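One structure below.
Please treat every number below as a calculation from the coordinates, not as lab data. The shown structure was predicted, so the numbers you read here are calculated from the model rather than taken from an experiment. All Cβ positions, glycine included, derive from the backbone under ideal geometry; neighbour counts span all protein chains shown.
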Amino acid sequence: MSTQKVIAVVGCGRIAKAAHFPAFANIENLRVKYACDLILEKAEAMKEKYPDLVEQTVTDYQIALADPEVEAVYVLTPNYAHYTVTMDALRAGKHVFCEKPITVNYALSCEMAEEANRQGKMLNIGVCNRYHKSVEMLEEMNREGKFGKLYHVYCSFRAFRSIPGLGGAFTTKSQSGGGVLIDWGVHYLDLILYVLGGVKLQTLTCDAYCEMAKDMKSYKYKSMWAEDTADVENGTNDVDDLVSGYIRTDKASISFNGAWAQNINKKDTFIDFMGDKGGARLTYCGKFEFYNGETLETVAPEYDIPDMYLREDSAFLESIESGVKNRNHIENILESAKLLDCLYRSAEQRKEVCLK
Ligand SMILES: NC(=O)c1ccc[n+]([C@@H]2O[C@H](COP(=O)([O-])OP(=O)(O)OC[C@H]3O[C@@H](n4cnc5c(N)ncnc54)[C@H](O)[C@@H]3O)[C@@H](O)[C@H]2O)c1
């Protein structure tokens, strides 16, 4: 970046530690003036790891919002805090990068978009796959007509035992907005909408189940992601652990199966793009193979995959400088949030939702 950027980070948990701080350390001209977490040790751990990058640690994000030097705020908290922290930051005149999902439902997501507009500030969402090299290549291939008519996309985001933090925020609908669909499905469905490019949703249907840990104490697992946030004794599990659905759009139709946990004893995570001239299978977060329907050849292109978090963070900071909204601007993500909301509505009402 040509000019220095001063940011504050709210939430120094897993995604901050694994993705964003390592990215920040690779961005020139960037100062993290505040690392903030309700649990001070988590913020301090970031300062210890990145002493040249992180300047101060705080537990109250309002201190960072009151500092006129802070230009942008990263909201890396659990889903339930996205709305409040983002709205406070926008109203304090800051640009905001907020992790996915936007928030727990579509109505609040729209309010966040409106507030960003009102304040004239950037608001980007961490649907990082839009900056994954493979997704970018597939989007370009679709625009160039390599698939011919791309008429159907199927995706699978299924795991054997991956319910995160059972009984904690992840499995409490009022705090997370939902289970596997909003947590994993958001990535798959959003990247599909991105590759298809500007689709209009028409009709959709979804079933959602909460079966594998409905009795939390008898849930059998080998390891649990985010186990530190679990509360099997006193917590709640009222979210989907398996979903299945079908979406019609004005372009391709989309079908999907997703599960945090199910009895198949294997992980199955991929996306099939099916066109009349060719098709592609994308291994989630990996590479793709293209199946040429005319030559009947399979092509496995060779390419490097740069860090998608570094790319999305750099693009956000550059968009602040240029004033140009990029692909992760909230206005470009609202359709995915609407899709998730409608899928949950369909599952609750056990009927098709019509958006035409
Ligand atoms: N883009 C991706 O690939 C990806 C991957 C994992 C998680 N996420 C998203 O990132 C977000 C965070 O997930 P995580 O796994 O890092 O959670 P986490 O629980 O590990 O970390 C969140 C941190 O936020 C802190 N926090 C909560 N409220 C706060 C507040 N008001 N002020 C300051 N700190 C606060 C918590 O103390 C915690 O340390 C979630 O929304 C999740 O969906 C995105």
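Counting other beta carbons within 10 Å of each Cβ, put Ser2, Ser176 in order, fewest first.
Fewest-to-most Cβ neighbours within 10 Å comes out as Ser2, Ser176.
Could you quote the convex hull projected area for the chain, Cα atoms only and averaged over all directions, in nm²?
18.3
Looking at the stretch 222-352 from every direction and averaging, what is the projected area of its Cα convex hull in nm²?
Value for the stretch 222-352: 13.3 nm².
Put a dot 7 Å past each Cα toward the Cβ at Asp250 and Tyr50; how far apart are the dots in nm?
4.1
With charges set only on the Cβ (+1 for Lys and Arg, -1 for Asp and Glu), what does the dipole of the chain come to about its Cα centre, in debye to the nearest 20?
Here the chain has a charge dipole of around 780 debye.
Can you run the Rg to Rh ratio on the stretch 38-85? Use alpha carbon positions and the Kirkwood inverse-distance Rh.
0.96
Spelling out what I want: for every residue of the stretch 67-83, take phi, set θ = phi - 60°, compute 6.51 cos²θ - 1.76 cosθ + 1.60 (Karplus), and round to whole Hz; glycine and proline get x.
Karplus values, whole Hz, x for Gly and Pro: 8, x, 6, 6, 9, 9, 10, 9, 9, 10, 8, x, 3, 4, 9, 4, 4.
Neighbouring Cβ atoms within 10 Å as the yardstick, rank Leu242, Leu339, Leu90 fewest first.
In increasing order of surrounding Cβ atoms, one gets Leu242, Leu90, Leu339.
How big, in percent, is the set of alpha carbon pairs in the stretch 1-152 lying more than 29 Å apart?
Of all Cα-Cα distances in the stretch 1-152, 23 percent exceed 29 Å.
Which whole-number percent gives the relative contact order of the chain, counting Cα pairs below 8 Å spaced six or more residues apart?
Relative contact order for the chain comes out at 20 percent.
Where does the stretch 21-108 land on the Kirkwood hydrodynamic radius, alpha-carbon pairs, in angstrom?
So the Kirkwood estimate lands at 13.6 Å.
Test of understanding: ordering Thr229, Thr84 by Cβ neighbours within 10 Å, fewest first, what list do you get?
Thr84, Thr229
Give me Rg/Rg_expected for the stretch 91-187, where Rg uses Cα atoms only and Rg_expected = 2.2 N^0.38 Å with N residues.
It is 1.36.
Quick one: work out the % antiparallel among DSSP beta bridges in the chain, nearest 5.
55
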